[in-house]
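Chemist: Take this structure first; my questions come after.
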Amino acid sequence: MRARWILTLAVTLWLAALGRDRFDTWIDATVLPSLTVETSVEVLDRDGILLRAYTVADGRWRLALPPDKVDPLYLAMLLAYEDKRFRDHSGVDPRSMARAVLQAIWNGRVVSGGSTLTMQVARLLEEGTTGEVGGKLRQMRVALALERRLTKDQILQLYLHLAPFGGNLEGVRAASISYFGKEPNRLTPAEAALLVAIPQSPESRRPDRAADRAEAARNRVLARAVGDGVINADTAEAAKREMVPGLRKPFPALTPHLADRARADDPALTAHFLTLDGALQRKLETLAAEAVADRGEALQVAILVADHASGEILASVGSAGYQADLRQGFVDMTQALRSPGSTLKPLVYALAFDEGLAHPETMIDDAPMTFGTYAPQNFDRLYRGTIRLREALQMSLNIPVVQLTEALGPAKLIASMEKAGMKPVFPGDQPGLAVALGGVGVTLEDMVQLYAALARGGVVRPLTYRTGGSEEEGQRVVSAVAAWQVGDILAGLAPPPGAPENRLAYKTGTSYGHRDAWAIGYDGEHVIGVWMGRADGTPVPGAFGADVAAPVLFQAFNRLKTQLKGQPPAPAATLLVSNAELPQPLQRFRSRSAAFEDDADAPAVAFPPDGAEVELLEAGLKVRVSGGTAPFTWLADGVPVILASDMREAMLTLPGLGFVTLSVIDAEGRSDRVMVRLR
């Protein structure tokens, strides 16, 4: 008898084990739907705040949300209401299933479901049915398989992504942003309960369409939370008095042009972290809309803000509105090729200072002139006679800057623009003197990068809109002395009427035919560029940079900060003297024909030779000049080192090693220069 009992038990255990093994094999053979859930591409600011999101392929909002980024109160309510033993069961909870069956038999109808969260995830993954027996059995099988392949947190994350909330909202984060206008990391008890309640019947409980049913369902969740000890009764009563949101809020839609650009540049990324400041971006998008509101239906504006020390773009407004209207708001005007007008003039002056051609106090003629067949005129067709270069730049006169460009050579100007990281486009194969007056195509981003280099002491750092960009500095465009001199001149410009006297270094420009109005400025920390015009390039009669763009520039700085940071002090090598105290060759500008024509007796740097590598001694660098008429002035990178020396040999005290341009100017203004490397 005992032997038979033992044999029966053994057979029973063997059959149970065989059944279990076959059951395990059946579960393991389950073909699961894709566990990779597509979530919305997100564009975030420097602090991780959502700037803009894109719907997934089927037009739904479904934003990524790991469990540790959602309010713990919501998770506690969810598990208490939907699946108390979520952390313990293997995908199917027999106790819940038995309870649901008994309640249905007792009441003659379904009172509560027996589905676990894992089973709900299985249904959402397959978009299956809930009530049919076959569908329920399939959910159970998929749920058991999911538990074997995923962790509990991974299953929970799938629910957080896929839970339906009515319309095209899927996932807790999308619902929180749409219904409450905030991320779900900090929810009130009423908000958390509503997010638990809606997915049970997402269309009939949509707060924006059925607020009464949504409120009733929310209150049932609150009552259950009290019963399970998740919250106390007082908290629940206070939560019940909170209004259910009656409208969906729009998703953040800031910086549309830059967001599209970031997505196009790296389409594989689902989260684009930008250097932008979301609060500033919102302020400047509002400013852009205000700037064109009363100026016709076609006028457009673009604004770009950067930290010139780091090169990080803090705000980028490509248009006054991302719309297909007469303003052509879908065009990103920070990237459009436009004529810069007079905004290139500061670079011309800085190069002239660097080359030893002039000084801010140098006198120059503003009178009718021709340069071959080119006969430029001042914008107002008036002439001021002989004035200081400082005044010529502040008044944005055309004749003086063309004279400087002729002396430098247009190719030098273009090369410097390219060194600054710009991509100038000019008509024909060779740039002409008109480049200095805006005869070249550039972008607003180009111009902001150029002015950022001036603000940084003449060294460019490429602008970047992605966090974690390169820390490497670019090339030196002009010397620190020349950059400071230009900044000092621009800071002396009078602000627009009504703007504060804050010594903002800025320059305005108006292109030929009033097609483009510009204003670009910087203080000790930031640079802002403003462009205004029509996206199609047609003229805007009467639009001047000083009248329309400059006020927007100053308003942009006001919205960026309450107080400007002053310009840096002058570099030690800066020559801060009046015109009368300048070396004689720098007192008055001499034209290219006078200063650079071939002359057998012209001065020449006899030592060191051009391109040489020479040792910098403790006493300095020995130099020698041949030809020319004494006294001689020696400059290093445009900075006077020795003034009015009668000696043909001298020792120059130089600041350091590396490449340096040496220039010598004689008493008649004739000059020569070489570039050497000091070691």
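Chemist: I'd like the full set of residues that are part of a strand (DSSP E or B) and within 20 Å of Phe659 (Cβ to Cβ), limited to the stretch 625-641. Steps first, answer last, please.
Modeler: The first filter runs over the stretch 625-641 and keeps only residues part of a strand (DSSP E or B), leaving 625-626, 632-636, 639-641.
Within the stretch 625-641, Trp634, Leu635, Ala636, Val639, Pro640, Val641 qualify.
Chemist: Sticking with this structure for a sec: Picking from Ala556, Ala602, Ala549, which residue would you name as being farther than 30 Å from Ala293 by Cβ and hydrophobic (A, V, I, L, M, F, W, C)?
Modeler: Exactly one residue qualifies, and that residue is Ala602.
Chemist: Please specify each residue of the stretch 163-196 satisfying the condition of being part of a helix (DSSP H, G or I) and touching a strand residue (DSSP E or B) at 6+ places or on another chain (Cβ under 6 Å).
Modeler: Initial filter on the stretch 163-196 (part of a helix (DSSP H, G or I)): 172-180, 189-196.
Ala174, Ala175, Ser178 - these are the residues of the stretch 163-196 that are part of a helix (DSSP H, G or I) and touching a strand residue (DSSP E or B) at 6+ places or on another chain (Cβ under 6 Å).
Chemist: While we're looking at this one, here's another question. Residues Arg224, Arg261, Arg209: which one is out of contact with any helix residue (DSSP H, G or I) (no Cβ under 7 Å at 6 or more places or on another chain), buried (at least 17 other Cβ atoms within 10 Å of the Cβ) and either among the basic types (Lys, Arg) or under 24 Å from Leu79 (Cα atoms) (or both)? Quick ask: steps written out before the conclusion?
Modeler: Details: Arg224 fails: out of contact with any helix residue (DSSP H, G or I) (no Cβ under 7 Å at 6 or more places or on another chain); Arg209 fails: buried (at least 17 other Cβ atoms within 10 Å of the Cβ).
The conditions single out Arg261.
Chemist: Considering every residue within the stretch 251-274, establish whether at least one is out of contact with any Gly (no Cβ under 7 Å at 6 or more places or on another chain), in contact (Cβ under 8 Å) with a residue 60 or more places away in the chain and under 30 Å from Val401 (Cβ atoms).
Modeler: no
Chemist: Yes or no: the stretch 461-480 includes at least one residue that is closer than 27 Å to Pro551 by Cα and among the small types (Gly, Ala, Ser).
Modeler: no
Chemist: Residue check: is Val540 surrounded by 14 or more Cβ atoms within 10 Å (Cβ to Cβ), modelled with pLDDT of 95 or more and farther than 30 Å from Leu635 by Cβ?
Modeler: Working: surrounded by 14 or more Cβ atoms within 10 Å (Cβ to Cβ): yes; modelled with pLDDT of 95 or more: no; farther than 30 Å from Leu635 by Cβ: yes.
Answer is no for this residue.
Chemist: I've got another one for you. How many residues does the stretch 609-624 hold that are of a type in the set (D, E, K, R) and closer than 13 Å to Ser663 by Cα?
Modeler: 2
Chemist: Being assigned to a loop (DSSP other than H, G, I, E, B) and surrounded by 13 or more Cβ atoms within 10 Å (Cβ to Cβ) is the filter here, so list the residues in the stretch 44-64 that pass it.
Modeler: Asp45, Arg46, Ile49, Tyr54, Thr55, Val56, Arg60, Leu63, Ala64
Chemist: Okay, moving on. Checking the structure you have, find out if any residue of the stretch 175-187 is of a type in the set (Phe, Trp, Tyr), touching an Asp or Glu at 6+ places or on another chain (Cβ under 6 Å) and at pLDDT 95 or above.
Modeler: yes
Chemist: Can you tell me which residues in the stretch 24-43 are in contact (Cβ under 8 Å) with a residue 40 or more places away in the chain and either part of a helix (DSSP H, G or I) or of a type in the set (Lys, Arg) (or both)?
Modeler: Result: Trp26, Ile27, Asp28.
Chemist: Which one of Gly278, Gly329, Gly318, Gly311 is small (Gly, Ala, Ser) and on the phi > 0 side of the Ramachandran plot?
Modeler: Of Gly278, Gly329, Gly318, Gly311, the one residue that is small (Gly, Ala, Ser) and on the phi > 0 side of the Ramachandran plot is Gly311.
Chemist: Please count how many residues of the stretch 478-498 are hydrophobic (A, V, I, L, M, F, W, C), out of contact with any Pro (no Cβ under 7 Å at 6 or more places or on another chain) and in contact (Cβ under 8 Å) with a residue 40 or more places away in the chain. Talk me through it step by step, then tell me what you get.
Modeler: Initially, the stretch 478-498 is screened for residues hydrophobic (A, V, I, L, M, F, W, C), giving 478, 480-484, 486, 489-491, 493-494.
Pick out the ones that are also out of contact with any Pro (no Cβ under 7 Å at 6 or more places or on another chain) and you get 478, 482-483, 491, 493-494.
Imposing the further condition that a residue be in contact (Cβ under 8 Å) with a residue 40 or more places away in the chain reduces the set to 478, 482-483, 491, 493.
Result for the stretch 478-498: 5.
Conditions (1) modelled with pLDDT of 95 or more; (2) buried (at least 19 other Cβ atoms within 10 Å of the Cβ); (3) at positive phi; (4) not aromatic (Phe, Trp, Tyr), marked per residue:
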| site | (1), (2), (3), (4) |
| --- | --- |
| Pro496 | no, yes, no, yes |
| Pro500 | no, no, no, yes |
| Arg503 | no, no, yes, yes |
| Thr508 | yes, yes, no, yes |
| Ala519 | yes, yes, no, yes |
| Trp531 | yes, yes, no, no |
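Quick grid of which residues meet (1) under 42 Å from the mean Cα position of the chain (by Cα); (2) within 24 Å of Asp516 (Cβ to Cβ); (3) of a type in the set (Phe, Trp, Tyr):
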position	(1), (2), (3)
Pro346	yes, yes, no
Phe353	yes, no, yes
Thr362	yes, no, no
Met369	no, no, no
Asp380	yes, yes, no
Gly385	no, no, no
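Chemist: A further question follows. With the requirement that a residue be under 13 Å from Glu170 (Cα atoms) and over 27 Å from the mean Cα position of the chain (by Cα), what does the stretch 32-82 give you?
Modeler: Val37, Asp58
The values are calculated or read from the model by the stated rules, or taken from the named source; none is laboratory data. This one's a predicted model, so the numbers in the text were calculated from it and none came from an experiment. Virtual Cβ from ideal backbone geometry, glycine too; neighbours counted across all protein chains shown.
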